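A short write-up of the structure that comes next.
The values are calculated or read from the model by the stated rules, or taken from the named source; none is laboratory data. Keep in mind that this is a model prediction, so the values were computed, not measured. Methodologically, a virtual Cβ is constructed for each residue, glycine included, from the backbone with ideal geometry; neighbour enumeration extends over all protein chains shown.
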């Protein structure tokens, strides 16, 4: 269903959202007239608010109370009425000062970025570890399993591990030799891989010059290259299984009145601590939702989110029941052209959207720069 909103309807909706976000109290027509330049009578504002309530953009929590935005009202605000906060550059400068891009180690980088994001936004910060395909390699080891197989073991900078069982080429199996000789050859190969790949990612395997190993290792080179490429393909676009970094949970639960119910707090804490895997698809997969609502004209400059990398899920748009009273703002960060991880903030639907979106975008950009 399409809803046609006039300039006046948009302006009153914009003012109601701004006022409710600032005060957490239901908004009445007299408040809007006192705080915003509406240039109309109180009766007109009441009629407009009644119309917005009728089409589902506002609602009354109590009969005698003012009105508050619904999830659909916030959606219109984010998609059509949002005005840039102008804070993106300031946020980027603060991140650059507190998280310099030199001598970075992955774990403290993500931890500090989450702390800064939660502190600046006032919401719960969520940052996933980079996916293994673009995470730097810490160590590679080849080990003998039996006469026909060896194991390739990879340790990533995030301390995740993966392994591939490799069947030795036929010409190697046919050569009679002692186990000690095989171990020595595998150590030479491990040293070669560590020398060229340590601190780099699996995406860099294409740059290896296998001829450096010499002709006697040529039969190993083919099977190792194929196994490394197979591992890279398997891990491609697979979210990291390492725990995500979470910051600001205790503070946000105390700060926002929306989280005053004990049962709701327990549900959110349980999700973040015990069921993080349910959040990963929401942080990585962007919503292709088409807007249901449209307007005839604009009372304020129409401002949609400029970065398509940003996703805002509001209330019941989130499929997880335990956080359907929340908004999740997220963006992916990259290494080169590959999506590798995600940054997000989780807070009440009564969110300062301009600030939250700018912070998430700036943090994701900073992490992309760090990985580059």
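Results for (1) under 36 Å from the mean Cα position of the chain (by Cα); (2) surrounded by fewer than 21 Cβ atoms within 10 Å (Cβ to Cβ); (3) within 24 Å of residue 352 (Cβ to Cβ), shown as yes or no for each residue.
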residue	(1), (2), (3)
31	no, yes, yes
35	yes, yes, yes
40	no, yes, no
57	yes, no, yes
60	yes, yes, yes
66	yes, yes, yes
73	yes, no, yes
77	yes, no, yes
(message) Contact list please: Cβ distance under 7 Å, first residue in segment 185-208 and farther than 24 Å from residue 149 by Cα, second residue modelled with pLDDT of 80 or more and part of a helix (DSSP H, G or I), pairs at least six apart or on different chains.
(response) 204/197
(request) Would you be able to tell me the number of residues in segment 276-324 that are at pLDDT below 85 and closer than 19 Å to residue 52 by Cβ? (result) 11
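This table checks each residue for (1) in the same structural domain as residue 169 (by TED's automatic domain parsing); (2) at pLDDT 80 or above.
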site	(1), (2)
204	yes, no
207	yes, no
214	yes, no
224	yes, yes
228	yes, yes
231	yes, yes
247	no, yes
250	no, yes
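From the list 345, 360, 329, exactly one residue is at pLDDT 95 or above, within 30 Å of residue 200 (Cα to Cα) and not in a loop (DSSP other than H, G, I, E, B). Which is it?
On the way: 360 fails: at pLDDT 95 or above; 329 fails: within 30 Å of residue 200 (Cα to Cα).
Exactly one of 345, 360, 329 is at pLDDT 95 or above, within 30 Å of residue 200 (Cα to Cα) and not in a loop (DSSP other than H, G, I, E, B), namely 345.
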(request) Would you point out the residue of segment 137-151, among those that are out of contact with any helix residue (DSSP H, G or I) (no Cβ under 7 Å at 6 or more places or on another chain) and in a loop (DSSP other than H, G, I, E, B), that is modelled with the lowest pLDDT? (result) 146
(request) Of the numbered conditions (1) closer than 15 Å to residue 149 by Cβ; (2) modelled with pLDDT under 80, residue 166 fails exactly one; give the number of that condition. (result) (2)
(message) Among the residues that make up segment 103-126, is at least one of them assigned to a loop (DSSP other than H, G, I, E, B) and either modelled with pLDDT of 90 or more or farther than 29 Å from residue 367 by Cα (or both)?
(response) yes
(message) If I filter segment 39-49 for residues that are closer than 24 Å to residue 348 by Cα, assigned to a helix (DSSP H, G or I) and not assigned by TED's automatic domain parsing to the domain that holds residue 312, do I get at least one hit?
(response) yes
